[in-house]
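J.: Got a structure for you, questions after.
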């Protein structure tokens, strides 16, 4: 096999970036945005528990990082409390009135991350026909009904205030918006929120003291109503009627029936055993079964050298992807660059002072989802139809009322006196990242911080394994003896690996760790120890 480089030569002399773990006997919130994590931390300080903090953080994330998630999206979560782990699946479901014939395959490949064949007018990728049932709010409310200790309104209101104020534009926001500029410009709702001047926004060059913000008054009003009245208006009332009217007027098939039938699945987690650890994942149509397949392919004893260890990890993921596509779906013809599409999805992890942990992944699927903001409610919608294979007759083919096979992979690991709640963002890159981080903690005896600091590989079903160039020549040479290897360094955009985040609890001390290279990610909590 051969090796190629997918980073510029200048990155070989890049600056060193450090982001130490946060340790505290109080609660910790880890997310991809410090503003949102800080809101969750304030909930913990006010006496809320881990689920309360996750609800507030998750809703805020949909405002300050709206290209990744929001109330127009879907999600999945695991909660550990008093030694019991429970799961919730509120993933994508296609509209019941959908007609698969409306998504004809044409010549060429789609431009998005999965490498599917192209569909006429990109109907499965963009606009109202790409929207799956938005189940995210139903999932949060189910979690809150089960574990919440603070009033629902107190957890939703901060997100409503953020929407009214507007997210602050910095260089990273400008990069994300510019990456989708043409599509956002073509949609009136997206243009109004993200391109108020008709071009990607930025901070003014002169120091006027005023920050460029992107408010969304319609979304703020929607969130204010949800804070006052709960989720009933969204799924059974006024907000839902507006959502459906907007989508159907634009040619989509989402209906009131879809919203009224939305019901999160309370799922019994599946347990994976690796060494002295137990890893809890959600069964069925997410990354959990593939994580299980990867761990099942590892030898009972880890090799002492890293070269052999990472070859084992690559072999395990090779086996796991073949298993996934044989049983749960089919792979597209993916290239290296298809797997380096802009990272999407948001993940957050929380641990509170009493040891309750939650791992929650929420997503619009692609970056900016359907690239379609509803004109009446200001909600950015998911493009969940892109999870389905557009080729008829395949295991995950487009069908009415069908659950989508997604790649998110939250997990909770116990054993050795420790509980770890982990997940990531980045499409198919999520599963190999969660796999390696958990495996490294057991195989090398690493704590959470050391596991995150160790360079990794990404084997996410593409033609090449993407390996962090800092792994060392012995590891890279061993990998390229069996695989096509592309080396990369973790430049912020497009990010070649997964934005992972996790919390752990051991000996009554909590630890929060997030992706070191992501410019916004942060662990926020109470007093450090």
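J.: Rounded, prolate or oblate: which fits segment 173-218 when a ≥ b ≥ c are the square roots of the eigenvalues of the alpha-carbon gyration tensor, with rounded for a/c under 1.5 and prolate only if a/b beats b/c?
T.: Verdict is oblate for segment 173-218.
J.: Using the basic label-point model (7 angstrom from Cα toward the beta carbon), what is the residue 111 to residue 354 distance in nanometres?
T.: 5.0
J.: Let me ask something additional. Contour minus end-to-end for residue 238 and residue 181, with contour as 0.36 nm per residue of separation and end-to-end as the Cα-Cα distance?
T.: Fully extending the segment from residue 238 to residue 181 adds 17.4 nm.
J.: Under the 0.36 nm per residue contour assumption, what length would be gained going from the current alpha-carbon distance of residue 270 and residue 506 to full extension?
T.: 82.7 nm
J.: I would also like to ask the following. Can you tell me what share of the DSSP beta bridges in segment 443-529 is antiparallel? A percent to the nearest 5 is fine.
T.: Here the share of antiparallel DSSP bridges comes out near 65 percent.
J.: Right, here's the next one. Go ahead and collect, in residue order, the members of segment 107-140 whose backbone nitrogen is under 15 Å from a label point 7 Å along the Cα-Cβ direction of residue 261.
T.: Label zone hits: 132-135.
J.: Determine, for 235, 495, 372, the number of other Cβ atoms within 10 Å of each Cβ, and report the residues in order from fewest to most.
T.: The most exposed by this proxy come first: 495, 235, 372.
J.: Take each of the peptides 118-129, 193-204, average the number of other beta-carbon atoms within 10 Å over its residues, and list them starting from the highest.
T.: 118-129, 193-204
J.: Given that compact globular proteins tend to follow 2.2 N^0.38 Å, what is the ratio of the alpha-carbon Rg of segment 228-328 to that value?
T.: 1.70
J.: How do 236, 347 rank when sorted from fewest to most other Cβ atoms within 10 Å of their own Cβ?
T.: So the ranking, lowest neighbour count to highest, is 236, 347.
J.: Within segment 147-182, find all residues whose amide N lies under 18 Å from a label point positioned 7 Å from the Cα of residue 46 along Cα-to-beta-carbon.
T.: 147-165
J.: Restricting to Cα pairs below 8 Å that are 6+ residues apart, what does the relative contact order work out to for the chain? Please round to a whole percent.
T.: That works out to 27 percent.
J.: At 7 Å along the Cα-to-beta-carbon direction for both residue 517 and residue 245, put a label point, then send me their distance in nm to one decimal.
T.: Between residue 517 and residue 245, the label points sit 4.7 nm apart.
J.: Please report 82, 292 as a ranked list, fewest other C-beta atoms within 10 angstrom at the top and most at the bottom.
T.: 82, 292
J.: Let me ask you something else. Between residue 145 and residue 391, what is the spin-label point distance in nm, taking each point 7 Å from the Cα along the Cα→C-beta axis?
T.: 4.0
J.: If you don't mind, another one. Calculated FRET efficiency, residue 477 and residue 327, Cβ-Cβ r, R0 41 Å, to nearest 0.05?
T.: 0.75
J.: Relative contact order (percent) for segment 409-529, with alpha-carbon contacts under 8 angstrom and 6 or more residues of separation?
T.: Answer for segment 409-529 is 27 percent.
J.: If you count, for each residue, the other Cβ atoms within 10 Å and average over each peptide, how do 102-108, 91-97, 249-255 line up from highest to lowest?
T.: Answer by packing, highest mean first, reads 91-97, 249-255, 102-108.
Read the figures in this text as sums done on the coordinates, not as results from a lab. For clarity, every value in this text was computed on a predicted model and none was experimentally measured. Positions of Cβ are generated from backbone atoms using ideal geometry, with glycine treated the same way; all protein chains shown enter the neighbour counts.
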